[in-house]
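What follows is one structure encoded as structure tokens, with my remarks underneath.
The values are calculated or read from the model by the stated rules, or taken from the named source; none is laboratory data. Keep in mind the model is a prediction, meaning the values are calculated, not measured. So basically every Cβ, Gly included, is an ideal-geometry build from the backbone, and we count neighbours across all protein chains shown. Each accessible area value is taken on the protein alone, full model and side chains, heavy atoms only, with ligands, DNA and RNA left out. Shrake-Rupley method; radii C 1.70, N 1.55, O 1.52, S 1.80 Å.
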Amino acid sequence: MSLSPGARVGHYEVLALVGSGGMGQVYRARDARLNRDVALKILPDAFTDDPERRARFEREAQLLAALSHPHIATLHGLEAVDGSDCLVMEFVPGLTLADRLEGGPLSVAEALPLFAQIAAAVEAAHEKGIVHRDLKPGNIKITPDGRAKVLDFGLAKSVLTEPAPDMSSQATTALSPATAIGAVTGTAAYMSPEQARGLPVDRRTDVWAFGCVCYEALSGRAAFSGSTLTDVLATVTRADPDWSAIHHAPQRIQELIRRCLRKDRERRLQSIADARIEIEDAIADATTPEPAVHTAGGRPRWLVVAIVGAVALVAGAVLALRLLSGPGPAPTIQAAIEIPPRAIGVFSGLVLSPDGRTIVYGGDIDGGQLFRRRMDVAAAEAIPGAETAYHPFLSPDGAWIGFFDRGRLKKIPIAGGLAQDVSTLVFSGHSHGSWGRDDTIVFVQGARQGLWRVPASGGTPEQLATPDAARNEKEFLDPSFLPDGRAILFTVRTDSGVAIAILVPSTGERRLLVDGGRFPWYSPTGHLVFWQDFALRAAPLDPARLTLTGPPVTVVSHVSALGGWGPAFSSSRTGTLVYYPAFEDKSQRTLTWIDRAGAVTPVVESRQSMYVAPRLSPDGRQALVRFEGLVDCSFNTLDLARGSWSRLTFLGDSHSAAWSPDGTRVAFQSERAVGNTILIVPAGGGPEQTVFVSAHDIGAIAWSPDGDHIAFSQNVPDRGHDLFWIRATGGVPQPLLQTPFNEREPEFSPDGRWVAYTSDESGRREVYVRPFPGPGSRTVISVNGGETPRWTRGGRELLYRTQEGVMSVAVDTARGFAAAKPQRVFAGPAYPDGGYDVTADGKRLLVVQSKATPASTQIQVVLNWFSELKARVPSR
């Protein structure tokens with residue numbers, strides 16, 4: 001069950017949902033009798049009828065009632081709510097240790113007191129015969145005054161009263177590498193080897209987890225990790241941590257952690273009390289006065305210690321003054337909400353309603369389901385009528401969702417209803433919008449199209465501003481109204497990078513505010529907030545003069561922007577922030593061969609550039625690869641035998657390329673100041689030949705086997721992406737396929753008689769084949785979605801890509817065109833946006849693989865974020 005703010009449980013008034021997990025929802029509430037805040041933990045509705053989970057929940061209450069310790073969250077009582085049980089617990093403010101480690105590892109001086117307090121808490125539990133079994137940074141709170149509190153004994157077990165379970169008849173259930181709960185109970189990265197194997201556990205399991213926590217706190221990374229649950233458990237049972245990551249810790253602490261993490265529990269540290277004593281001795285040694293010894297910097301060691309002590313004394317005095325002066329700003333509260341599996345890692349936008357009560361998110365760049373998640377309910381729900389939507393934004397009153405659907409601007413009531421067209425002007429995938437208080441919508445529609453405005457009730461769009469070639473402006477992105485509607489924040493992209501700008505529509509005045517950044521918005525706290533380098537940054541903004549009054553400062557780290565397609569963060573007028581955490585390290589992409597047996601062979605080592613869209617030369621000796629940088633995208637050729645790179649394109653962003661049939665030339669599409677251009681360059685580099693210049697977006701291109709034609713997609717106003725072909729020597733493009741839908745990614749068959757392509761006519765992207773140059777009917781190739789078609793030599797097999805892997809379709813062109821049922825031949829090898837190519841014999845794929853961690857399954861929620869923002873970046 002779920003509770004709404006204002007609901008009452010006994011004499012407790014619910015204030016807000018602060019977190020949820022597999023074992024319950026946690027609310028902050030007010031105790032009306034004792035005038036204090038408490039935490040209410042309630043078993044979810046889905047588990048009410050599950051005897052095992054309910055028994056575990058009741059056991060948690062019994063175990064917590066037996067514990068009374070300053071570093072364990074106290075149980076106040078147990079209440080009944082509509083047939084469900086509710087734990088009334090001490091409300092512990094502050095961040096979890098996991099949250100704290102997002103900002104980097106702890107210093108030794110900061111870590112050791114926390115380690116001692118955690119060990120003391122676990123020791124107290126062990127003295128009561130209780131094993132926690134899920135000790136991890138996420139279950140440890142750090143209060144504002146720096147004290148540790150161990151939380152969540154929901155997986156704890158009383159070794160005095162419960163027999164060891166018989167694991168032989170139980171199936172292990174794994175949800176993710178981070179949270180694997182079932183017969184093997186706990187969190188995978190912190191499980192002891194015996195716990196991971198499903199064996200009975202005792203106090204030494206908590207000793208192991210304690211060692212994992214200490215290692216991670218000092219190093220900033222988990223002791224045991226992997227991309228899958230199996231990989232994590234394999235490292236737990238067979239591998240050792242990188243001990244060099246904690247070499248800066250005192251030797252006795254390093255040795256203590258090693259003893260905690262011995263895989264043989266008979267040789268592991270046997271008592272957490274011994275760990276506490278060792279840590280307390282290390283703290284005492286660190287504070288013992290030493291003789292005056294000059295350091296390399298010329299300062300005596302005693303002076304360094306004195307300076308550190310003085311800083312600590314001042315910090316303590318400041319804290320005391322705050323405590324004595326009464327309550328200050330409300331503390332920030334962090335929580336997380338689960339994302340439906342259909343939305344994980346693919347959604348193209350995230351927006352929070354102005355009142356902070358509803359989140360809307362979902363949809364990839366070509367359209368996907370929008371979800372609505374109310375803060376007072378436990379699950380998200382799909383929004384009917386928004387199944388192919390992307391880039392959502394909300395009206396100022398939060399009653400309407402604006403979004404783009406198959407290139408058209410639409411709106412739908414947030415409470416549910418029919419979707420309505422706002423404008424039938426067709427936009428590209430770069431479209432973003434903002435809804436002003438005057439009930440107009442400002443939006444962008446792709447490269448060089450500028451800023452437009454249209455009444456939210458519908459009508460003819462009006463252009464507000466156009467990129468100025470004299471200023472080297474290529475594209476406007478990310479519009480966002482200031483609250484009074486007088487000005488619009490937006491992003492300007494040039495050949496040299498991006499910048500945040502502001503426009504006054506009534507006068508046409510526009511100016512640059514910040515060099516670099518994307519997705520700007522104005523916060524009611526008086527700040528310009530924007531995304532840059534996987535972080536949110538803020539600077540004070542004078543809304544009257546429309547100028548910054550201070551430099552930008554990083555306020556939230558590790559924030560995703562979904563590859564630049566859409567903002568993955570939003571804030572409400574009430575001070576709540578939501579964001580999708582960054583999960584990808586683009587510097588770790590590699591080029592890899594994968595054969596049909598699944599064997600993986602790296603082609604080259606990782607680079608700092610972002611590999612995308614590899615294409616093999618006709619002789620298979622070279623690969624053409626796009627390097628997607630922060631400023632521009634260039635194509636480079638790789639000698640596959642020697643491993644050497646050579647840059648091929650230089651000016652402007654280049655986004656699609658194709659080899660000539662003889663491999664001596666490369667055609668590519670580039671966004672230049674003069675327009676979107678198709679050019680040809682010698683494969684070894686040299687003078688470029690212009691084939692075609694367009695005022696509209698050009699998509700993927702392909703070169704016919706006879707060398708005479710180049711096929712491409714182009715965004716056509718009032719219709720969408722159509723397919724065209726043009727002579728390789730230049731001329732006037734001829735239509736290949738024109739429909740009300742979006743056709744992309746043309747690919748010629750080896751004999752040149754057929755063209756494979758993708759279209760969204762069914763509501764999602766599918767692969768089709770039609771005769772070239774036509775006429776003739778088309779054949780559907782893919783089933784349940786597909787993209788990026790690739791032919792093998794001879795034209796008897798056509799491959800395409802899905803999120804699950806690469807599919808193969810046998811084709812027969814002896815009499816017309818016939819296609820067999822798709823078969824999966826390469827399971828999930830390619831990064832979703834990284835692209836792939838196939839060798840002529842069809843035996844191997846050249847793919848882009850990423851060492852990124854799995855996509856986050858949660859949206860982060862920060863309550864009272866404005867307090868933190870104002871503290872970090874004072875308005876001037």
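A few notes on this one:
- Extension gain from V732 to V504, taking 0.36 nm per residue of separation minus the Cα-Cα distance: 78.1 nm
- Extension gain from R753 to R545, taking 0.36 nm per residue of separation minus the Cα-Cα distance: 68.7 nm
- Kirkwood-type radius of the stretch 95-138, with distances r between different C-alpha atoms, in Å: 11.6
- Net +/- balance of residues flanking V232 in space, Cβ distance below 14 Å, scoring K and R +1, D and E -1: +2
- Flagged links, alpha-carbon separation over 26 Å, of K410/K821; K474/K870; K411/K474; K41/K141: K410/K821; K474/K870; K411/K474
- Area accessible to solvent at K843, 1.4 Å probe radius, in Å²: 130
- Highest-first arrangement of 592-601, 521-530, where packing means the average Cβ count within 10 Å: 521-530, 592-601
- Straight Cα distances below 19 angstrom link K263 to the aspartates and glutamates D134, E194, D202, D206, E216, D231, D240, D242, E255, D274, with same-chain residues fewer than 8 positions distant left out.
- Among 634-641, 816-823, 679-686, the order from most to least packed when residues are scored by Cβ within 10 Å on average: 634-641, 679-686, 816-823
- The stretch 506-552: radius of gyration over Cα atoms, expressed as a fraction of 2.2 N^0.38 Å: 1.14
- R511/A810 FRET efficiency (R0 41 Å; Cβ-Cβ; nearest 0.05): 0.10
- Using C-alpha pairs under 8 Å with a sequence gap of at least 6, the mean separation divided by the residue count of the stretch 208-255 gives a relative contact order of 29 percent.
- For T839, net neighbour charge (Lys/Arg +1, Asp/Glu -1) across residues whose Cβ lies under 13 Å away: +2
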